[in-house]
Each structure stands twice: as C-alpha cells, then as structure tokens.
Amino acid sequence: MHKIVFLDRDTLAPQIRLRRPAFEHTLSEHARTRADEVAARLAGASIAIINKVRLGVEVLERLPELRLIAVAATGTDCVDKAACQRLGIAVANIRAYAVNTVPEHTFALLLALRRNLLAYRADVLAGEWQRAEQFCFFNHPIRDLAGARLGIIGAGALGRRVGELGRAFGMDVVFAAHKGRRDMGGLYTPWEEVLATSDVISMHSPLTEATRGQIALAEFRAMKRRPLLINTSRGGLVDEADLVRALDEGLIAGAGFDVTSSEPPPPDNPLLQVAGRPNVILTPHVAWASDEAQQALADQLIDNIEAFVAGRGQNLVCDPGGASA
C-alpha cells in the first residue's frame with residue numbers, strides 16, 4: 001500500500017476537488033508544512049505531493065521509502081533534482097494546464113496599465129470627473145495595443161499563447177532569443193533588439209540559474225521605448241531593486257507583476273514599496289489560479305501519480321528508476 005502525503009494542500013483553493021487515486025493507498029493532507037516538519041510528515045511515505053514546500057538533499061536522505069515527488073505546479077526549482085536522481089526518487093510536474101488563465105491575466109495587467117485604468121479609477125473616486133465639468137477628462141495617456149510591439153521572453157506554451165492573443169489585438173509579436181545567441185532560428189529576434197524596440201515586454205521563462213536576474217539595470221537602460229514590463233512567470237527573473245530604480249528614472253512606463261522573488265514578500269520587498277503607484281500592479285501570484293485551471297491541475301496531478309504507480313510514468317522531470325513504482 002502506498003502512503004501519500006500532501007504537504008501544502010492550501011496551495012489549491014478549497015473548492016478544487018482532489019480525487020482519490022485508483023490504487024490501494026492512504027492519503028494525509030496538511031494545509032501547510034514548515035521546513036522543520038517536512039521529514040516527520042513524510043516518514044514512511046512513498047509519494048509526496050508538494051507545491052512550494054522545499055525538498056533539499058538533507059531531507060531527502062532521511063526518506064528511504066520515498067519513490068515519487070508529485071509537484072502540483074510546473075516549476076520544480078523547490079526540489080533538489082540531483083539528489084533525487086542519486087537517491088532513486090522520481091519527480092513529476094504539471095504541464096500545459098494554464099494556457100488560458102496565465103495569458104488572460106497577463107493581458108488583464110497589460111490592458112489596465114496601457115489604458116491607465118488604475119489612475120482613472122482613482123481620479124473618479126477623488127471627484128475629478130465632477131470637477132472636469134464635461135463628459136470626460138484626459139489626466140492620463142491612453143494607448144492602444146494595436147500596432148504596438150510585444151516582446152515575449154520565453155517561447156513555451158504560455159509565451160506562445162500570449163503571442164496569439166497579442167496578434168489578435170493587432171500587436172507586432174516577437175520572441176526574444178537567449179542572451180548572446182544568434183543561432184536559434186527564425187522564430188527568435190535578437191535579445192538586444194527585443195529590449196530596444198518593444199512597447200511591452202512579457203516574461204514567461206522558467207527560473208533557472210541561467211535566467212535568474214535576467215532583467216536588471218543594464219537591461220532596463222537598453223529599453224529605448226520605455227515599455228511596460230509584465231511578469232507572470234517567476235519573481236527571480238527580475239532584479240526588484242533595479243525595477244524600482246527603472247520606474248523612478250522613467251526607464252519603463254510601468255510594471256504589472258504577479259510574482260516576487262520570495263513569496264509572500266517581506267515588508268521591505270522593493271515591489272511592495274511601489275505597489276500603490278498608478279503605473280504598478282502587483283497581484284499575489286494568482287495568474288495561474290482560475291477555477292478551471294486549478295481543477296485541470298488537480299486532475300493531472302492524480303493522473304501523474306496513477307501513471308507512475310502503473311509503471312508508465314508521465315511528466316517526469318527526474319526518472320532515475322525508469323518510471324516504476
């Protein structure tokens with residue numbers, strides 16, 4: 001019998017149904033788990049379900065019965081995969097579940113900022129419409145999406161879907177090549193050109209050592225058209241202190257972020273210091289979280305577990321044992 005432990009069930013909304021796997025098992029769910037509770041809660045478990053709980057080598061080495069870590073997310077940077085490979089622990093993730101919710105949230109941020117909705121809403125609440133003494137007023141610039149260049153960093157499923165929506169709005173869509181690469185094929189536009197010519201830059205890269213801090217002050221200074229910067233991917237992709245400096249110096253027109261470098265962000269996080277500005281929108285990592293997307297994630301999560309136990313692992317990012325239970 002498999003012992004399954006879900007360490008952070010509260011990372012899925014309570015209305016999302018998590019079906020029971022179709023094999024003999026026990027399932028324990030914990031709303032959240034502190035770092036000092038992980039080893040005890042996973043003692044004797046063969047399958048761990050996590051979303052953001054970190055599983056490092058010092059914990060994994062204490063769990064000899066663990067055979068699968070089922071991550072309830074696409075990103076697996078919270079798991080020491082090198083240790084899993086050595087210890088014979090498979091790791092599975094969730095894929096292609098957010099192809100509607102994240103791009104829609106991206107465009108919600110983009111449209112709100114491009115049309116200055118926050119600033120106009122604040123003006124209405126402050127009585128500016130009445131003081132204008134006419135049917136409208138023009139306190140803030142409004143820009144169309146049609147004809148604007150949308151530079152996308154990351155050409156995976158989410159980046160490509162954002163590109164499709166951009167084209168539907170009449171935008172000129174380009175995908176950024178990796179820094180320093182000129183050999184990535186016709187889909188990609190050189191990194192420097194995307195930074196210099198985009199009116200909007202939307203980030204959809206995974207967070208790796210190669211992408212951490214890929215947008216910092218040097219990149220902001222290369223953004224010649226003062227673009228909006230949208231990040232619904234990972235907070236660590238952008239140097240947050242440099243982002244605030246870029247806003248202060250007018251290097252970018254605004255920022256729409258759904259992520260921060262650590263979550264929840266501490267009170268001194270730079271983004272929190274500017275979150276009240278009309279050209280900044282900060283949402284609490286909910287771009288992925290439509291009910292439809294969360295249910296698809298939960299269903300795929302159990303599919304991954306059932307496939308692994310049946311010996312035909314799917315969505316494995318680490319498969320030291322040949323997808324066997």
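Some points to look at:
- In the stretch 146-164, the residues that are outside any strand (DSSP E or B) and in contact with a helix residue (DSSP H, G or I) (Cβ under 6 Å, 6 or more places away or on another chain): Leu158, Arg161, Val162
- Filter pass, Glu306 being outside any strand (DSSP E or B), among the charged types (D, E, K, R) and either in contact with a Lys or Arg (Cβ under 6 Å, 6 or more places away or on another chain) or under 15 Å from Ile49 (Cα atoms) (or both): yes
- Check on Ile50, buried (at least 20 other Cβ atoms within 10 Å of the Cβ), free of Cβ contacts under 8 Å to residues at least 60 places away in the same chain and outside the structural domain of His204 (by TED's automatic domain parsing): yes
- Within the stretch 14-40, residues that are in contact (Cβ under 8 Å) with a residue 24 or more places away in the chain reach partners that are among the aliphatic types (A, V, I, L, M) and loosely packed, with under 14 Cβ neighbours inside 10 Å with beta carbons closer than 9 Å, at six or more positions or on different chains, in the pairs Phe23/Met1; His25/Met1; Thr26/Met1.
- Sole residue being touching a residue at least 12 places away in the same chain (Cβ under 8 Å) and on the phi > 0 side of the Ramachandran plot, chosen from Gly163, Gly180, Gly151, Gly147: Gly147
- Of all residues in the stretch 100-143, those satisfying the criterion of being without any contact (Cβ under 8 Å) to a residue 60 or more places away in the chain, among the charged types (D, E, K, R), in a helix (DSSP H, G or I) and surrounded by 13 or more Cβ atoms within 10 Å (Cβ to Cβ) are Asp123, Glu128.
- Restricting Glu133, Glu104, Glu128 to those that are out of contact with any Gly (no Cβ under 9 Å at 6 or more places or on another chain) and at pLDDT below 95 reduces the list to Glu133.
- Residue within the stretch 85-95 that is under 25 Å from Asp319 (Cα atoms), of a type outside the set (A, V, I, L, M), in a helix (DSSP H, G or I) and modelled with pLDDT of 95 or more present: yes
- Filter result (out of contact with any Lys or Arg (no Cβ under 8 Å at 6 or more places or on another chain), part of a loop (DSSP other than H, G, I, E, B) and buried (at least 20 other Cβ atoms within 10 Å of the Cβ)) within the stretch 167-226: Ala177, His204, Met223
- For the stretch 49-65, residues that are touching a strand residue (DSSP E or B) at 6+ places or on another chain (Cβ under 6 Å) and outside any strand (DSSP E or B) total 0.
- The set of residues from the stretch 255-284 being closer than 20 Å to Asp199 by Cα and under 19 Å from the mean Cα position of the chain (by Cα) comprises Ala255, Gly256, Phe257, Asp258, Val280, Ile281, Leu282.
The values are calculated or read from the model by the stated rules, or taken from the named source; none is laboratory data. Remember, predicted model here, so these are calculated numbers, not experimental data. So basically every Cβ, Gly included, is an ideal-geometry build from the backbone, and we count neighbours across all protein chains shown.
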